[in-house]
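Colleague: Sharing a structure below in structure tokens format, with a few things to ask.
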Amino acid sequence: MATAEVRRVDGSASGSVTLDDAFFGITPNAAVLHQVVTAQLAAARAGTQSTKTRAEVSGGGAKPWRQKGTGRARQGSSRAPHFTGGGVALGPKPRRYKQKTPKKMIQLALRSALSDRAAEGKIVVVDAWAFTVPRTKDARAALAALGLDGRILVVLGDDEDAAGKSFRNLPEVHLLAASQLNPYDVLCADWIVFSQATLPATASAEPPPAAAEVQP
């Protein structure tokens, strides 16, 4: 089983933790990842687009010209699709784009995404977010001390409100509750930051080093 270094918000080492192979050590299934991410993006579509048919546009009650004798094709309404101001033929109507995806596929896709990021060394574990009060300056300093840049996904627990309010003003940071972790957000991020409380299926951690061994 792979291990990850546990770090404090100031960047210093705090110990190490064992990453569960069930979440961070499998071979990513690209086909399942593609299907689940596609379904997730489809479910996010509003589906509110709508066009009017010839029965819904106004006007067109009178016959444009008489049936015979004009030399032109017979017409019954000026609101047919081929007329200017007419209705739309086979246009979009409000619909739901949600797809049914088995729960086991969703779980496999999430484990595949986490394993892919772990294989690239993009998983960061923080012992705890030591924010007593919300402060964006402290959140930015913590990311700099951890050496993180690019798009960062911070996974928060239910009792980490101060950390959430500290990070929410940073445009490069995406906040997500541990219960809402999903493959799309994992794949979109360059770094995935967990605290020990939110790390999926965390095994027993090694004891932290003595105070004299911790580098400032």
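Colleague: Quick one: which of 19, 33 is under 30 Å from residue 127 (Cα atoms) and modelled with pLDDT of 95 or more? Walk me through how you get there before you give the answer.
Modeller: Working: 19 fails: modelled with pLDDT of 95 or more.
Sole residue among the options that is under 30 Å from residue 127 (Cα atoms) and modelled with pLDDT of 95 or more: 33.
Colleague: So which helices (runs of 4 or more DSSP H) stay within the range 56-169 end to end and still have 3 or more residues that are more than 30 Å from residue 31 (Cβ to Cβ) and of a type in the set (Gly, Ala, Ser)?
Modeller: 136-146, 161-167
Colleague: While we're looking at this one, here's another question. Restricting attention to the range 176-184, does a residue exist that is assigned by TED's automatic domain parsing to the domain that holds residue 126, farther than 22 Å from residue 101 by Cβ and outside any helix (DSSP H, G or I)? Full working, then the answer.
Modeller: Residues of the range 176-184 that are assigned by TED's automatic domain parsing to the domain that holds residue 126, as a first pass: 176-184.
Adding the requirement that they be farther than 22 Å from residue 101 by Cβ leaves none.
Scanning the range 176-184 turns up no residue that is assigned by TED's automatic domain parsing to the domain that holds residue 126, farther than 22 Å from residue 101 by Cβ and outside any helix (DSSP H, G or I).
Colleague: Which one of 160, 120 is out of contact with any Ser or Thr (no Cβ under 9 Å at 6 or more places or on another chain) and of a type in the set (Asp, Glu)?
Modeller: Exactly one of 160, 120 is out of contact with any Ser or Thr (no Cβ under 9 Å at 6 or more places or on another chain) and of a type in the set (Asp, Glu), namely 120.
Colleague: Of the conditions (1) closer than 17 Å to residue 182 by Cα; (2) within 18 Å of the chain's Cα centre (by Cα); (3) loosely packed, with under 15 Cβ neighbours inside 10 Å, residue 39 clears all except one; give me its number.
Modeller: For residue 39, the exception is condition (3).
Colleague: Quick one: what pairs do we get from the range 195-207, first residue within 15 Å of residue 3 (Cβ to Cβ), second modelled with pLDDT of 70 or more and in a loop (DSSP other than H, G, I, E, B), C-beta under 6 Å, 6+ apart or different chains?
Modeller: Pairs found: 196/127; 201/20; 203/20.
The values are calculated or read from the model by the stated rules, or taken from the named source; none is laboratory data. On a predicted model such as this, the values are computed, not experimentally measured, just so you know. For neighbour counting, all protein chains shown are included, and Cβ atoms are generated from backbone atoms with ideal geometry for every residue, glycine included.
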